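Derivation of every value follows stated rules applied to the coordinates shown; laboratory data play no part. Just so it is clear, the model here is predicted, and its values are computed rather than measured. FYI the Cβ positions are ideal-geometry reconstructions off the backbone, even for glycines, and counts take in every protein chain you see.
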Amino acid sequence: MTAISRDEVAHLARLARIEMTDSELDHLASEMDVILGAVARVQEVAGQDVPPTSHPLALANVFRDDVVIPSLTPEEALSGAPAKADQRFKVPQILGDAE
Amino acid sequence: MIRNSAAAMADALSKKEITSVELTQLHLDRIDAVDSQVHAFLHVDREGALSQAAAVDAKRAAGEKLSPLAGVPLALKDVMTQKGIPTTAGSKILEGWRPPYDSTVVTNLKANGIVILGKTNMDEFAMGSSTENSAYGTTHNPWDLDRIPGGSGGGSAASLAAFQAPLAIGTDTGGSIRQPAAVTGTVGVKPTYGGVSRYGLIAFSSSLDQAGPCARTVLDAALLHEAIAGYDKKDSTSINAPVPAVVAAAKKLDVKGLKIGVVKELSGDGYQAGVKSRFDEALQELVSAGAEIVEVSCPNFEYALAAYYLIAPSEASSNLARFDSMRYGIRVGDDGSAGAEEVMRMTREVGFGKEVKRRIILGTYALSSGYYDAYYGSAQKVRTLIVQDFAKAFAHADVLVSPTCPTTAFKIGEKSNDPLAMYLNDIATIPVNMAGIGGMSLPVGLSPDDGLPVGFQIMSAAMKDDLMYQVGGTLEAALLSKWGAPILTNAPELAAK
């Protein structure tokens, strides 16, 4: 039985915003099948009575006073931007025709 | 001088037998001579290193009180941000990026006067066990240039074994400090989760990632550990408690009365015979030094690898969503007609390598509705079982031990087309990350079957990092007196090219 189909991998790639060629999809679908077969073992011992652990430490929210502290200047924050304009990140069209 | 320990270099600096500028130049010369063969570095910051060194020398000349490692050079894994210095995490998607801020580890290194030579090679986003997944070429193991230096921190470990740096920083999500240490005959420590700040560490799997020291001796690792560790308000998972006294522990050289637990499940099938024999001999050294050996059983460890390869990719698929070509990193296909989502997809296709894509897809699957409970949810339950196994084991022993890896360094290319075989390298190191405890690897000799270094893993309970340094320091001293010289004297001489 295959755990995952090529179409499912294509769907996941769309969700993850990664363009993939047909040959990449073929290859990955067969690899994913093998990997999922191996990792599915976790189900053998994951009984109803076992609580999940998401994190090694008991986490608590960390608060601080709402005061201004030194941070990046706009120039620094934009220093790695692929495109910028008027102290802002310049991005391709997000609404409309292009999908 | 470059073959000395960092502690000996620090001593020579404090006695003014050498300046930091001279010491830094010696290492830069060594990098120039051998890095075309080893390829440990992605970027060498000659000017910056020499100016940091000159600043330390000036402070020393002025009689200022300096930190123990002030003026000693270090190699920084390329997953740590350093202001103004190219930082890629081994990925093409960050090619050319110069971070506008320092990670807390770098802030701490600078505050201690430790000189940063440059950035070391790694598997892309720390995903791998061989550095073969770097977008910038593979690092070669100084013991045999045809073999892998481990991963993901292969560049950091190789730089130590090739005497390009006496200290390095690594990060360990499933073994990325300890496995490279094991296969290069060096020392690597994953501190307790939360012991060293993750601020400025480019995230792979946030609940597992931990930065730590890499060195050639246990004491050097301890000195570096104390320099970088401690509470940081910029990391909400940072532990607000005193740093364990690891330097004092490394100097104790005494294990009388300590109970050492051998993990039954981390041996046997799949472990190379030479690895097993060196491991057993090291145990005998600890017995001779007065430790008591007990066997402990951690039955759920056999599920750790499977759980890890669900949890880490799940967290990675979320963490790596930030590489969207909008704010930093490369952008591909922005021709004015393509929309943002299309540009994102094209950029991520070009910017991410095969293993990273594999893990993002796997993680996206494990987190998707309908599969979440069966995969990610089950893996989280296994994590609980592993934490419980450790708790039971530590009720019987002060530290736990195992071989660090099942085998010595394998050949470059040998496992690169078989992800599952590659994942098996981390079988003994992964449980430590799942539980957030401390782990160390130190060399315990050369495997008789291939003459390559074997690593010995010591695990200690959360915030008891000092115990693994105590045991590691004692074992190292016992082995050194038996061998007469450090293990790296057996590594082949690298000819300058």
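Is there a residue in segment B:171-180 that is small (G, A, S), within 14 Å of another protein chain (Cβ to nearest Cβ) and in contact (Cβ under 8 Å) with a residue 24 or more places away in the chain?
Checked segment B:171-180: at least one residue is small (G, A, S), within 14 Å of another protein chain (Cβ to nearest Cβ) and in contact (Cβ under 8 Å) with a residue 24 or more places away in the chain.
Scan segment B:418-444 residue by residue and report those that are among the small types (G, A, S) and either under 16 Å from the mean Cα position of the chain (by Cα) or buried (at least 22 other Cβ atoms within 10 Å of the Cβ) (or both).
Those that are among the small types (G, A, S) and either under 16 Å from the mean Cα position of the chain (by Cα) or buried (at least 22 other Cβ atoms within 10 Å of the Cβ) (or both): B:A428, B:A435, B:G436, B:G438, B:G439, B:S441.
Residue by residue through segment B:83-95, note down the ones that are within 14 Å of chain A (Cβ to nearest Cβ) and either within 18 Å of the chain's Cα centre (by Cα) or within 16 Å of B:S134 (Cβ to Cβ) (or both).
B:P86, B:T87, B:T88, B:A89, B:S91, B:K92, B:I93, B:L94, B:E95
Can you tell me which residues in segment B:329-361 are part of a helix (DSSP H, G or I), among the aliphatic types (A, V, I, L, M) and within 7 Å of chain A (Cβ to nearest Cβ)? Please lay out each step first, then the result.
At the first step, the residues of segment B:329-361 found to be part of a helix (DSSP H, G or I) are B:340-351, B:354-361.
This time we only want the ones that are among the aliphatic types (A, V, I, L, M), so: B:340, B:343-344, B:346, B:350, B:356, B:360-361.
B:A340, B:V343, B:M344, B:M346, B:I360, B:I361, listed by residue number.
Of all residues in segment B:311-328 being touching a Lys or Arg at 6+ places or on another chain (Cβ under 6 Å) and either not in a helix (DSSP H, G or I) or not small (G, A, S) (or both), which is surrounded by the most Cβ atoms within 10 Å (Cβ to Cβ)? Steps first, answer last, please.
Going through segment B:311-328, the residues touching a Lys or Arg at 6+ places or on another chain (Cβ under 6 Å) turn out to be B:313, B:316, B:325.
When the remaining residues are screened for being either not in a helix (DSSP H, G or I) or not small (G, A, S) (or both), the result is B:313, B:325.
On the way: B:P313: 30, B:S325: 26.
Filtering segment B:311-328 for residues that are touching a Lys or Arg at 6+ places or on another chain (Cβ under 6 Å) and either not in a helix (DSSP H, G or I) or not small (G, A, S) (or both), the one surrounded by the most Cβ atoms within 10 Å (Cβ to Cβ) comes out as B:P313.
Every residue in segment A:5-58 that is within 13 Å of B:T384 (Cα to Cα), surrounded by fewer than 20 Cβ atoms within 10 Å (Cβ to Cβ) and at the interface with another protein chain (Cβ under 7 Å from one of its Cβ atoms), please.
A:V45, A:V50, A:P51, A:P52, A:S54, A:H55, A:L57
Evaluate the following for B:K252: is it more than 14 Å from chain A (Cβ to nearest Cβ) and in contact (Cβ under 8 Å) with a residue 40 or more places away in the chain?
yes
Looking only at segment B:256-276, which residues are farther than 30 Å from A:P52 by Cα and either in contact with a strand residue (DSSP E or B) (Cβ under 9 Å, 6 or more places away or on another chain) or aromatic (F, W, Y) (or both)?
Across segment B:256-276, the qualifying residues are B:G257, B:L258, B:K259, B:Y271, B:Q272, B:G274, B:V275, B:K276.
Please work out if B:R348 is touching a residue at least 60 places away in the same chain (Cβ under 8 Å) and over 28 Å from B:E302 (Cβ atoms). Reasoning before the result, please.
On the way: touching a residue at least 60 places away in the same chain (Cβ under 8 Å): yes; over 28 Å from B:E302 (Cβ atoms): yes.
For B:R348, the condition - touching a residue at least 60 places away in the same chain (Cβ under 8 Å) and over 28 Å from B:E302 (Cβ atoms) - is met.
Being surrounded by 24 or more Cβ atoms within 10 Å (Cβ to Cβ) and basic (K, R) is the filter here; which residues of segment B:346-360 pass it?
Of everything in segment B:346-360, those that are surrounded by 24 or more Cβ atoms within 10 Å (Cβ to Cβ) and basic (K, R) turn out to be B:R348, B:R359.
Table: residues versus (1) more than 30 Å from B:Y328 (Cβ to Cβ); (2) in contact with a strand residue (DSSP E or B) (Cβ under 6 Å, 6 or more places away or on another chain); (3) without any contact (Cβ under 8 Å) to a residue 40 or more places away in the chain; (4) not in a helix (DSSP H, G or I).
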position	(1), (2), (3), (4)
B:L13	yes, no, no, no
B:I18	yes, no, yes, yes
B:Q25	yes, no, yes, no
B:V34	yes, no, no, no
B:S51	no, no, yes, no
B:L66	yes, no, no, yes
B:A75	no, yes, no, yes
B:I85	no, no, no, yes
B:T88	no, no, no, yes
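Could you list, in sequence order, all residues of segment B:309-324 that are within 7 Å of chain A (Cβ to nearest Cβ) and free of Cβ contacts under 8 Å to residues at least 40 places away in the same chain?
none
Report, by residue number, each residue of segment A:17-61 that is closer than 16 Å to B:T364 by Cα and not in a helix (DSSP H, G or I).
The answer is A:R17, A:I18, A:E19, A:M20.
Exactly one of these conditions fails for B:Q380: (1) surrounded by fewer than 20 Cβ atoms within 10 Å (Cβ to Cβ); (2) at the interface with chain A (Cβ under 9 Å from one of its Cβ atoms). Give me its number.
Failing condition for B:Q380: (1).
Collect the residues in segment B:142-151 that are crowded, with 24+ Cβ neighbours inside 10 Å and assigned to a strand (DSSP E or B), keeping them in residue-number order.
Once the filter is applied, which keeps residues that are crowded, with 24+ Cβ neighbours inside 10 Å and assigned to a strand (DSSP E or B), segment B:142-151 yields nothing.
If the Cβ limit is 8 Å and pairs must be 6+ apart or interchain, which residue in segment B:228-240 that is within 11 Å of chain A (Cβ to nearest Cβ) pairs with which residue that is among the charged types (D, E, K, R)?
Going by the 8 Å Cβ cut-off, the qualifying pairs are B:K233/A:R64; B:D235/B:R198; B:T237/B:R198; B:S238/B:R198; B:S238/B:D232.
Quick check: anything in segment B:104-124 out of contact with any helix residue (DSSP H, G or I) (no Cβ under 9 Å at 6 or more places or on another chain), within 18 Å of A:A81 (Cα to Cα) and of a type outside the set (G, A, S)?
The answer is no; no qualifying residue exists.
Take the residues of segment A:59-86 that are among the polar types (S, T, N, Q) and surrounded by 10 or more Cβ atoms within 10 Å (Cβ to Cβ): which is nearest to the chain's Cα centre (by Cα)?
A:S79
If you check B:P191, B:P180, which single one turns out to be farther than 22 Å from B:V454 by Cβ and crowded, with 24+ Cβ neighbours inside 10 Å?
Values: B:P180 fails: farther than 22 Å from B:V454 by Cβ.
Within the list B:P191, B:P180, the selection yields B:P191.
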